[in-house]
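J.: My questions all concern the structure below.
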Amino acid sequence: MRLPTGTRRVLSLPRAGRSGSALLEDGAARRRVLVPGEIHVQMSAFFKFINSSIGKKMLMGVTGLMLCLFLVGHLAGNLLLYVGPDAFNAYAHTLQKNPVLVPIELGLLAVFLFHIFLAIRVTLDNRSARPVPYALDEAAGPGRSVASRTMIYSGLVMALFVPVHLINFKYGDIVGGDLYGLVVRTFQSPGWALFYVASMAVLANHLRHGFRSGFQSLGALCGKTDAPARMLSVVFGVAIGGGFLLIPVWAFLFK
């Protein structure tokens, strides 16, 4: 590789078990350049970490918190249903015309699928490490809530709910761009209203434990912050799940 005039290469000799690297020296400035062998070692260490139990739990926490952030924004937009058709349809049309909508949707889909994959992997790893899960669950005592014991099941319910939700409202029969009308018509059906109410109750239960668990997996909680985090997680789950749940109830009873 040809170097700029006045620049010289200083090679560091590889130690046992380590790859060498190069230092490009230009006057007083020195910058480290990774050689292919060292890049391979660092990438191997990265993949080894994310494949470890701690790495998978941390990534599951990060993706879960990203989805929580999306839910906050999604609920905020849906609250415009209470304002009226003009406000909600204008909001929906603005989103549809935004050029970054598709990349964001694809990114959310990737995060959602990766979160599900990690959850299944962690659950299977835990079960393989505990061949008698029921006895150990009983030994864990009352500290484990129903939400924590049923996270994988509530998560799978959400995995089934999302495609149905997209078929109904993203790819549904929107007459004249009236998404507000589609939402109201859908929830005036007793079956659909009940389906969404039940699904949002499951979401609330999932978030009630998952929100706190996301921060715990990142090492952000300690003894003093654990109790407030539990309370905040309950509030968050009830607020988000309850906020979505009230929309079909409102449309069914009052529209």
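Laboratory data are not the source of any read-out in this text; all were calculated from the coordinates shown. Predicted model, so just to flag it, every value in this text is computed and none were measured. Reconstructed Cβ throughout: ideal geometry from the backbone, glycine too, with neighbour counts over all protein chains shown.
J.: Cα to Cα, under 17 Å, and not fewer than 8 places away if on the same chain: which lysines meet these conditions relative to LYS170?
T.: LYS170 reaches LYS97.
J.: Taking neighbour counts of Cβ atoms within 10 Å as a proxy for exposure, in what order, fewest first, do HIS165, HIS93, HIS115 appear?
T.: Ordered from fewest to most neighbouring Cβ atoms within 10 Å, HIS165, HIS93, HIS115 come out as HIS93, HIS165, HIS115.
J.: At LEU106 and LYS170, where each label point lies 7 Å from the Cα along Cα→Cβ, what is the point-to-point distance in nanometres?
T.: Going from the LEU106 label point to the LYS170 one covers 1.3 nm.
J.: Still on this structure, I have one more. Working only with C-alpha atoms, what are the Rg and Dmax values of segment 51-254, expressed in angstrom?
T.: Here Rg and the maximum Cα pair distance are 18.7, 59 Å.
J.: Under a Cβ-only charge scheme (Lys and Arg +1, Asp and Glu -1), can you give me the dipole magnitude of segment 160-255 about the Cα centre, in debye to the nearest 20?
T.: It comes to approximately 240 debye.
J.: Moving to a separate point now. Arrange SER199, SER44 by Cβ neighbour counts within 10 Å, fewest through most, would you?
T.: With the sparsest Cβ surroundings first, the list reads SER44, SER199.
J.: If I stretch the segment between CYS222 and SER44 completely, what's the gain in nm (0.36 nm per residue apart, minus their alpha carbon distance), one decimal?
T.: 61.0 nm
J.: Let me ask something additional. Scan segment 160-255 for chymotrypsin sites (Phe, Trp or Tyr not before Pro) in coil per DSSP, keeping those whose Cβ has at most 16 other Cβ atoms within 10 Å, and list them by number.
T.: TYR171
J.: I'd like the FRET efficiency for ARG149 and ILE120, computed as 1/(1 + (r/R0)^6) with the beta carbon distance as r and R0 of 25 Å, rounded to 0.05.
T.: So the FRET efficiency works out to roughly 0.95.
J.: Could I have the simple spin-label model distance between ASP178 and VAL162, label points 7 Å from Cα toward Cβ, reported in nm to one decimal?
T.: If labels sit at ASP178 and VAL162, their model points lie 3.2 nm apart.
J.: In whole Hz, with x marking every Gly and Pro, tabulate ³J(HN,Hα) for segment 226-240 from phi via Karplus 6.51 cos²θ - 1.76 cosθ + 1.60, θ = phi - 60°.
T.: Values, residue by residue: 5, 4, x, 5, 4, 5, 4, 5, 5, 4, 5, x, 5, 5, 6 Hz.
J.: Taking the Cβ-Cβ separation of HIS93 and ALA198 as r and a Förster radius of 25 Å, what is the calculated FRET efficiency to the nearest 0.05?
T.: E(calc), rounded to 0.05, equals 0.25.
J.: Of ALA159, TRP192, THR225, which is farthest on the positive side of the dipole of segment 51-254, counting Cα position, with +1 on Lys and Arg Cβ, -1 on Asp and Glu Cβ, and the Cα centre as origin?
T.: THR225
J.: Extension gain ALA76-SER128, at 0.36 nm per residue separation less the Cα-Cα distance, in nm?
T.: My answer for the length gained is 14.6 nm.
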